[in-house]
1. Net charge within 11 Å of A:Thr55 by Cβ-Cβ distance, Lys/Arg positive one each and Asp/Glu negative one each, not counting A:Thr55 itself?
2. Taking only Cα atoms of the stretch A:27-104, what ratio of Rg to Rh do you get with Rh as the Kirkwood inverse-distance radius?
3. Quick one: label points 7 angstrom along Cα→Cβ at B:Gly97, distances to the other copies in nm, smallest first?
4. Rounded to the nearest 10 Å², what accessible area does A:His107 have for a 1.4 Å probe in the complete protein model?
5. Tell me the distances, shortest first, between B:Glu28 and the same position across the other copies, using label points 7 Å along Cα→Cβ, in nm to one decimal.
6. Once amide H atoms are placed 1.01 Å from N in the peptide plane, what residues at a sequence separation of 5 or more from B:Tyr40, or on another chain, have their amide H within under 5 Å of its amide H?
7. Summing Lys, Arg as +1 and Asp, Glu as -1, what charge do residues with Cβ under 14 Å from the Cβ of B:Thr148 carry, B:Thr148 excluded?
8. Can you grab the distance from the C-alpha centre of the stretch B:74-144 to the C-alpha centre of the stretch A:1-68, Å, no decimals?
Number of protein chains: 2
Amino acid sequence: MNVSYINPFIQATLETFKTMLNIEAVPEEPRIKQEPIPTYDVSGVIGLSGDAKGTVAISFPKFMALKVVSALLGVTLKEIDPDLTDGIGEMANIIVGNAKQHLNGFHLSISLPNVIVGRDHTLVPRKDISTLVIPFKTEMGNFSLEVTLKTN
Amino acid sequence: MNVSYINPFIQATLETFKTMLNIEAVPEEPRIKQEPIPTYDVSGVIGLSGDAKGTVAISFPKFMALKVVSALLGVTLKEIDPDLTDGIGEMANIIVGNAKQHLNGFHLSISLPNVIVGRDHTLVPRKDISTLVIPFKTEMGNFSLEVTLKTN
């Protein structure tokens, strides 16, 4: 994987948390996902196609997903409902849309967000393409960003 | 959702099972997914972008995923391992690639397959776009195809 693709996604995540939620997201050391380790409970997943093909996923523990979308919508969500899952999809969409603007010179097309819910569900890494996992810390909790990209 | 988009995916699924595995897949009545009901244990998910944006997911119970990929590779898989998940991703890729050929006149770009593993993981339907679920029966077991598409 061309790591120059990763920074725009990290930057976009920081900016989105700052702009939308007014909180700091602190990235930790990225690592290559070699085993199909489970993600958190709620994931927003976006497919990329064009000059680079792949996937970007943002994954939250349930309690944090509730806090993030509650703050985003200005309401208090207590359970996983359609507002919550649409909100997580929208966060993924904003982050990838923002990152795309930083990836000048690449033609990239993005799919609609998918949202996956399930305790310990796993987004399985491919054998042939590296997935980078970037853990983030925030005052609302910890979450992760996973980027899998195959460049032409 | 424009239902004329759905038939190519059903057709492609039948053809892929016939060509790759030499078995008949029998589609049952499609239904609109209104609640975030869990899928099976292993899902191959592909994002679409271009003239239509959305997602196609093919989801198998674990025992059937093992049979399908074992037949595909000519080996006997007994557990969920990288060969299995890559095989499920490849099945999704073949079906969507085949369907794309039947969707003449539309510019569609497809992402790499994502594979999700987790007992009772749920692909959550969006509030604003319908997801159609098509159950299939085969001699290897039952599986489902989910198509979410937003046409321009």
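1. Within the 11 Å Cβ shell, the charges total +2.
2. Answer for the stretch A:27-104: 1.01.
3. The answer, with the shortest distance listed first, is 3.2 nm.
4. Using a 1.4 Å probe on the heavy atoms, I get roughly 120 Å².
5. 4.4
6. B:Phe60
7. Numbers: positive: B:Arg31, B:Lys33, B:Lys53, B:Arg126, B:Lys127, B:Lys150; negative: A:Asp86, B:Asp128, B:Glu146.
The answer is +3.
8. Each part's Cα centre sits 23 Å from the other's.
The values are calculated or read from the model by the stated rules, or taken from the named source; none is laboratory data. Quick caveat, the model's predicted, so the values are computed rather than measured. Virtual Cβ from ideal backbone geometry, glycine too; neighbours counted across all protein chains shown. Accessible surface areas use protein heavy atoms only, side chains included; no ligands, DNA or RNA. Shrake-Rupley method; radii C 1.70, N 1.55, O 1.52, S 1.80 Å.
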